[in-house]
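**Student:** The structure follows.
The values are calculated or read from the model by the stated rules, or taken from the named source; none is laboratory data. Being a predicted model, the structure only gives us computed values, none of them experimental. Using ideal geometry, Cβ is built from the backbone for each residue, glycine included, and neighbour counts are taken over all protein chains shown.
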Amino acid sequence: MGRQRFDKIKSFLHFNDNSKAKKPGEQGFDKLYKIRPFLGHICSKFLEVTPEEHHSIDEQMIPFKGRSNLRQYLPKKPTKWGIKVFTRAGVSGFVHDFEVYQGKGTLGEDDIEPDLGVGGNIVLRLISTLPEKMNYKIYFDNWFSSLKLMSLLKIKGFPCIGTLNKARLKGCPLLTDGEMKKRERGTSDYRTDIHSGVIVVKWLDNNTVCLASTYAGITPQDTCRRWNVKDKSRVEVSRPVIVYEYNRHMGGVDLADMLVE
């Protein structure tokens with residue numbers, strides 16, 4: 001197809017009434033207004049599929065290098081340039097819901113929970129299309145995670161696990177990194193908030209990693225095989241169940257990316 005024909009077809013392709021679009025700065029302005037009905041239709045079809053028990057929430061990148069105020073640059077992602085989408089996917093890789101990132105206007109003012117930040121509010125938005133108190137389990141990384149978010153998810157009936165930035169654990173009397181590195185690999189420490197029921201676990205692998213959950217903790221433990229640089233061999237390392245559960249169920253969005261490619 002020639003470029004002129006493509007441009008002509010594109011000029012006649014409309015999904016919304018452009019005369020009713022809000023201008024930048026006006027209340028209700030939507031960068032995605034022109035395709036909002038199309039996005040809504042896709043989401044509604046995704047939501048018709050029976051949800052799985054385990055759901056991960058993460059970022060996706062739609063590859064795009066053209067001109068758009070939605071384009072993002074994420075240097076740590078395999079696809080560095082594109083349109084960022086927050087996605088909720090099952091362990092099968094099926095996408096159940098998504099939200100296109102458009103900056104400040106990504107979420108409506110009525111959808112924002114104070115003190116949760118952008119990441120926490122994105123999680124609340126993406127689970128809003130799941131029925132509450134049905135034991136659907138949610139997994140997310142430290143960009144979204146906070147103890148307050150987990151406490152709120154527990155109230156709503158969504159068990160969850162997330163990695164945590166150590167800066168968000170000030171005041172939590174876990175063993176320090178230095179103390180843990182003096183012990184053997186596989187060492188773990190934990191604390192539980194008796195009010196919210198959130199458990200925080202710190203585990204020593206190559207480095208220390210912090211996770212929090214409302215349904216999984218230290219026990220039961222299993223083992224995982226890790227490379228020992230000193231002995232140049234693989235060794236068995238103790239692993240808390242919270243780490244096993246997170247690793248097993250967190251990869252749904254990455255799998256969705258692989259299936260698309």
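**Student:** Could you grab me the full set of residues in segment 48-69 that are more than 17 Å from the chain's Cα centre (by Cα) and assigned to a loop (DSSP other than H, G, I, E, B)? Let's see the steps before the verdict.
**Tutor:** Keep residues of segment 48-69 that are more than 17 Å from the chain's Cα centre (by Cα), which gives 48-50, 63-69.
Once the filter is applied, which keeps residues that are more than 17 Å from the chain's Cα centre (by Cα) and assigned to a loop (DSSP other than H, G, I, E, B), segment 48-69 yields 48, 49, 50, 64, 65, 66, 67, 68, 69.
**Student:** Determine which single condition residue 166 fails, assuming it passes every other condition in (1) basic (Lys, Arg); (2) surrounded by 13 or more Cβ atoms within 10 Å (Cβ to Cβ); (3) free of Cβ contacts under 8 Å to residues at least 24 places away in the same chain.
**Tutor:** (3)
**Student:** Examine segment 216-238 for a residue that is out of contact with any Asp or Glu (no Cβ under 8 Å at 6 or more places or on another chain), surrounded by 15 or more Cβ atoms within 10 Å (Cβ to Cβ) and either of a type in the set (Lys, Arg) or under 18 Å from residue 88 (Cβ atoms) (or both), and state whether such a residue exists.
**Tutor:** no
**Student:** When the residues of segment 218-261 are narrowed to those that are assigned to a helix (DSSP H, G or I) and of a type in the set (D, E, K, R), which ends up modelled with the lowest pLDDT?
**Tutor:** Restricting attention to segment 218-261, the residues satisfying the condition of being assigned to a helix (DSSP H, G or I) are 241-249, 252-260.
Add one more test, that the residue is of a type in the set (D, E, K, R), and what stays is 245, 248, 254, 257.
Working: 245: 98, 248: 96, 254: 93, 257: 89.
Only one residue fits best here, namely 257.
**Student:** Considering only segment 1-15, state which residues are closer than 14 Å to residue 35 by Cα, part of a helix (DSSP H, G or I) and not hydrophobic (A, V, I, L, M, F, W, C).
**Tutor:** 10, 11
**Student:** Moving on to the next point. List pairs: first residue in segment 23-48 and touching a residue at least 60 places away in the same chain (Cβ under 8 Å), second residue in a helix (DSSP H, G or I) and of a type in the set (A, V, I, L, M, F, W, C) anywhere in the structure, Cβ distance under 9 angstrom, at least six positions apart or on different chains.
**Tutor:** Taking only residues 6 or more apart or on different chains, the pairs are 32/39.
**Student:** Another question about this same structure. Where in segment 91-193 are the strands (runs of 3 or more DSSP E), entirely inside, with at least 2 residues that are touching a His at 6+ places or on another chain (Cβ under 8 Å) and at pLDDT 95 or above?
**Tutor:** On the way: elements: 95-100, 137-140, 160-163, 188-192.
Strands (runs of 3 or more DSSP E) meeting the threshold: 137-140.
**Student:** Can you name the residue in segment 191-203 that is out of contact with any Leu (no Cβ under 7 Å at 6 or more places or on another chain) and without any contact (Cβ under 8 Å) to a residue 40 or more places away in the chain and is also surrounded by the most Cβ atoms within 10 Å (Cβ to Cβ) among such residues?
**Tutor:** So the residue we want is 192.
**Student:** Follow-up question, since we're still on this one. Do we have residue 97 as among the acidic types (Asp, Glu), within 14 Å of the chain's Cα centre (by Cα) and within 18 Å of residue 36 (Cα to Cα) here?
**Tutor:** So residue 97 fits the description; yes.
**Student:** Output yes when any residue across segment 70-86 is touching a residue at least 12 places away in the same chain (Cβ under 8 Å), in a strand (DSSP E or B), farther than 20 Å from residue 124 by Cβ and in contact with a Ser or Thr (Cβ under 9 Å, 6 or more places away or on another chain), and no when none is.
**Tutor:** Yes, the conditions are met somewhere in segment 70-86.
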